[in-house]
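A.B. asks: Below is the structure I would like to discuss, written out as structure tokens.
The values are calculated or read from the model by the stated rules, or taken from the named source; none is laboratory data. No experiment lies behind these values; they were computed from the predicted model shown. Glycine also receives a Cβ, built like all others from the backbone with ideal geometry; neighbour counts cover every protein chain displayed.
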Amino acid sequence: MKEWKIYTKTGDKGETSLLGGRRVPKHHIRIEAYGTADELNSFIGVLRDQDMDAHYRQVLLDIQDRVFTAESLLACDEGCQPETLPTIYQEDIDMLEKEIDSMNEELPPLGNFILPGGHPAVSYAHVCRCVCRRAERIITSLAEQSKVDELVIQYFNRLSDYFFVLARKLAKDHGMTDLIWKAKK
């Protein structure tokens, strides 16, 4: 097995290669899309390291796999053969919806905005939600210029919802109640 060299020096002039071989600036929207997804994946790892039920840790590990898959799909450019890459399936979105519904059954109805915080696990879940929303905005912008698998867009949309509900569930699991935002008038 050949060892990967960490530094290649091919990006020293501010360009990188997409899957398919095309060189683009490191600020290219496709790089922003999968780079932000990668940032999300790192924050999911931090969230997974927090105090929570083993079930949620396993779900987060599964989500990290799916986000990594989305990263490869987002890096796939002209000349890339997407059929050689892993893919996002409808079942991945269905799993998120099932998890959201299951957690919501244990949570009180929500009629107000809530403030993030109160426990590190809750805070990190909200950070994941925000980074996921940013990734989704960049991905949908990319989709206006290039072909992006619709399931990738749907997955990130549902994933941010998952992180919001997970934050509420983690708050409940740690004995907290939602901190309702009350606007000053």
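A.B. asks: Where the second residue is part of a helix (DSSP H, G or I) and surrounded by fewer than 21 Cβ atoms within 10 Å (Cβ to Cβ) and the first is polar (S, T, N, Q) and lies in segment 125-149, which pairs have Cβ atoms under 7 Å and are six or more apart or on separate chains?
C.D. replies: Every condition considered, the pairs that remain are Thr140/Ile153; Ser141/Ile29; Gln145/Ile29.
A.B. asks: Sort through Gln58, Gln50 and tell me the only one that's in a loop (DSSP other than H, G, I, E, B) and modelled with pLDDT of 95 or more.
C.D. replies: Gln50
A.B. asks: Of all residues in segment 101-128, which are hydrophobic (A, V, I, L, M, F, W, C) and closer than 15 Å to Asp53 by Cα? Step through it out loud before you land on a result.
C.D. replies: The initial filter retains those residues of segment 101-128 that are hydrophobic (A, V, I, L, M, F, W, C), namely 103, 107, 110, 113-115, 121-122, 125, 127-128.
Of everything in segment 101-128, those that are hydrophobic (A, V, I, L, M, F, W, C) and closer than 15 Å to Asp53 by Cα turn out to be Met103, Ala121, Val122, Ala125.
A.B. asks: Continuing with the same structure: Taking only segment 164-185 into account, find how many residues are under 23 Å from the mean Cα position of the chain (by Cα) and free of Cβ contacts under 8 Å to residues at least 60 places away in the same chain.
C.D. replies: So the count comes out to 3.
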